[in-house]
Amino acid sequence: MAEARGNLDGSSRHGRPCFTFGVIADIQYADKADGPSCWKTMRYYSQSCLHLQDAIKRWNAEDIAPKFVLQLGDIIDCFNKRAGMSEASLQKILTMMMAAKMPFHHVWGNHEFYNFSRDYLMASKLNTSCLEDTRIDSPDQSPEGTSEGDYYAYHFSPYTKFRFIVVDTYDLSTIGRELNSDGLRKSLAFLDNNQSNCNGFHLLEFNGGMGKEQLAWLNDVLTYSDKKGERVIIAGHIPVHPKAIHSLCLAWNYDEILRTIQSHQSVVCYFAGHDHNGGYHLDSHGIHHITMEGVIESPSGSNAFGTVYVYEDGFILRGRGRVRDRYLPYRMAHKANSSSCTSSGASLGQDNTLI
């Protein structure tokens, strides 16, 4: 894809952005030859590390340094487990990430669970809940930073009136759960209760969902953000809107998740990976659903990552390689400010892509 057109160098009619952050998905590193996946799509294992290094180099060189990077899951490929290389491959990628001038917030995907147990991940460097928001406004108003249940989720605020929430879309899952565990029992019960669902095309092992405890925690955090007038960006591995995908990659209980996030005015965006083709949808509640293209399916000479410039009325996703540039206004500013980031030469396509 061509580089961003129009004035996407970090300025708009508002001047400098409030802050910026990076986003990348599905690196899926493995020391193996390139080849087709079970989906008959090419996977460029030989390029994944090179693409990651290129992304870090570009983020480090940004005029406005990103505050952090959202790594949306599937950091190494399941091949590593079969080859006995899971820990070595993970360490290789984490060592590369140490060259970044900003921290990574890690989301867990299905390939994390193909390689490691949930207990291992909780104790690993892929658990970045240490970066949670620890500021307390008052005991009766501030929600818990990290979840207290058997799932990996936390939130943080990098800038006044903005909050990010990392969620665990494999809380309900048949992978990564120990035999005889409560988590596996709840997951199997969910599948049993929904097996007759005629729309259950997505109830597959490589997908998962969010349990009731996590949804209740998410609702509490979003209620807090509603009261504080915050803008909230949620990051999970699996997409939760059926119009933001091109495949079967959809959360098991996407309808429950959607009802939760759509019931809160604070939510402006949901970032996901998992579907390597990427996707985008602006839902009826004004929430942007962005499915990032996968690094693993990006050939030499391309890539798949982006930098997001955050403004008071919306944000710009500046894509690299296969990731499109998009202007993404907040729901309250959607109509009034739909041209706010295009006044200096960029224009919008019907799906908010900058053209």
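The values are calculated or read from the model by the stated rules, or taken from the named source; none is laboratory data. Computed from a predicted model, the values in this text were never measured in an experiment. Cβ: placed from backbone, ideal geometry, glycine included. Neighbour counts: every protein chain shown. Note: areas computed on protein heavy atoms with side chains; ligands, DNA, RNA excluded. Shrake-Rupley method; radii C 1.70, N 1.55, O 1.52, S 1.80 Å.
Summary of values
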{"read-out": "Separation in nanometres of the label points that stand 7 Å from Cα toward Cβ, at Ser46 and Ser263", "value": "5.2 nm"}
{"read-out": "Spatially proximal aspartates and glutamates relative to Lys32 (Cα-Cα < 12 Å; intrachain offsets below 8 disregarded)", "value": "Asp77"}
{"read-out": "Rg in Å to one decimal, and Dmax rounded to a whole Å, for segment 209-323 via C-alpha atoms", "value": "14.6, 47"}
{"read-out": "Rg to Rh, two decimals, where segment 59-103 supplies the alpha carbon set and Rh follows Kirkwood", "value": "1.10"}
{"read-out": "Which of Cys269, Cys130 is most accessible, then next, and so on - probe 1.4 Å", "value": "Cys130, Cys269"}
{"read-out": "Computed FRET value (nearest 0.05) for Glu312 with Met96, which takes r as the C-beta separation and R₀ as 25 Å", "value": "0.15"}
{"read-out": "Segment 286-316 and segment 23-83: distance between their alpha carbon centers, rounded to Å", "value": "14 Å"}
{"read-out": "Sulfur and carbon atoms: percent of accessible area, segment 183-222 [1.4 Å]", "value": "52 percent"}
{"read-out": "Compactness of segment 161-280 as Cα Rg over 2.2 N^0.38 Å, two decimals", "value": "1.07"}
{"read-out": "Within the accessible area of segment 54-131 (1.4 Å probe), percent carbon and sulfur", "value": "55 percent"}
{"read-out": "Per residue accessible area of segment 244-294, 1.4 Å probe, in Å²", "value": "27 Å²"}
{"read-out": "Ranking by accessible area, most exposed first, for Ser117, Ser187 with a 1.4 Å probe", "value": "Ser117, Ser187"}
{"read-out": "Inter-label distance, nm, simple model (7 Å from Cα along the C-beta direction), Lys227/Tyr159", "value": "2.5 nm"}
{"read-out": "Gain on full stretching of the segment that runs from Ala83 to Ser117 - 0.36 nm per residue minus C-alpha separation", "value": "10.6 nm"}
{"read-out": "Per-pair calculated FRET efficiency, R0 = 45 Å: Asp255 and Lys32 via Cβ, rounded to 0.05", "value": "0.75"}
{"read-out": "Under 13 Å from the Cα of Lys125 - aspartates and glutamates, other chains or at least 8 residues apart", "value": "Glu87, Glu112"}
